Amino acid sequence: MCSQSRAAALMANIPQADIDPTGVFKYVLIRVHSREEGDDSEVDIVRGYGWAEYHADIYDKVSEELEKDGHLDCECIGGGRIKHDPQAKKIHVYGYSMGFGRANHAVTTEKLKARYPNYEVTWDNEGY
């Protein structure tokens, strides 16, 4: 029988992408790790919200929530901006975070394509 760690089970239930339904906003790419010894499972997740003044605001809120039970650990691996146009079914990923650096927009784009399969999802490294 295959046994899955508590952390791996928790990670399997974390949405890979969660962004605001419309607008232009900051986003972060977060790597979520297991804290359990001998468990090297991890997953990258995208979070982007218009309420955030700074990229760190998103990271702090998301990591606090995910780390609260002690099974998971989070690391911000970069940030940028997202332009989400639901009418046109388009998402564009670009820019960078002053505090965390530029996220790998190609990874972010793949996560968003999986979450929004009927959208045109593009990225570039231009802009702030």
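The figures follow:
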item: Residue in the stretch 9-16 that is assigned to a strand (DSSP E or B) and open to solvent by less than 80 Å² (accessible area, probe 1.4 Å) present; result: no
item: Matching residues, the stretch 19-62, being of a type in the set (Asp, Glu) and open to solvent by 60 Å² or more (accessible area, probe 1.4 Å); result: GLU37, ASP40, GLU42, GLU53, ASP60
item: Residue satisfying all of: in the stretch 29-47; charged (D, E, K, R) and within 19 Å of ALA17 (Cβ to Cβ); nearest to the chain's Cα centre (by Cα) among these; result: ARG47
item: Selection within the stretch 67-82 - closer than 23 Å to ASP39 by Cβ and either surrounded by 18 or more Cβ atoms within 10 Å (Cβ to Cβ) or in contact with a Lys or Arg (Cβ under 6 Å, 6 or more places away or on another chain) (or both); result: HIS71, LEU72, ASP73, CYS74, GLU75, CYS76, ILE77
item: Residues (under 12 Å from the mean Cα position of the chain (by Cα) and open to solvent by less than 80 Å² (accessible area, probe 1.4 Å)) located in the stretch 95-105; result: ALA103, HIS105
item: Cross-chain or 6+ apart pairs with Cβ under 6 Å, the stretch 6-19 first and at pLDDT 95 or above, then open to solvent by 60 Å² or more (accessible area, probe 1.4 Å) and assigned to a helix (DSSP H, G or I); result: ALA17/ARG115
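A quick yes/no check of all residues on (1) open to solvent by 50 Å² or more (accessible area, probe 1.4 Å); (2) small (Gly, Ala, Ser); (3) under 23 Å from ALA56 (Cβ atoms); (4) touching a Pro at 6+ places or on another chain (Cβ under 9 Å):
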{"residue": "HIS84", "(1), (2), (3), (4)": "no, no, yes, yes"}
{"residue": "GLN87", "(1), (2), (3), (4)": "yes, no, no, no"}
{"residue": "VAL93", "(1), (2), (3), (4)": "no, no, yes, no"}
{"residue": "THR108", "(1), (2), (3), (4)": "no, no, yes, no"}
{"residue": "ALA114", "(1), (2), (3), (4)": "yes, yes, no, no"}
{"residue": "ASN118", "(1), (2), (3), (4)": "yes, no, no, no"}
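The values are calculated or read from the model by the stated rules, or taken from the named source; none is laboratory data. These numbers come from a predicted model, not from an experiment. Here Cβ is always computed from backbone atoms with ideal geometry, including for glycine, and neighbour counts include all displayed protein chains. Areas reflect the complete protein model, heavy atoms only, side chains present, ligands, DNA and RNA absent. Shrake-Rupley method; radii C 1.70, N 1.55, O 1.52, S 1.80 Å.
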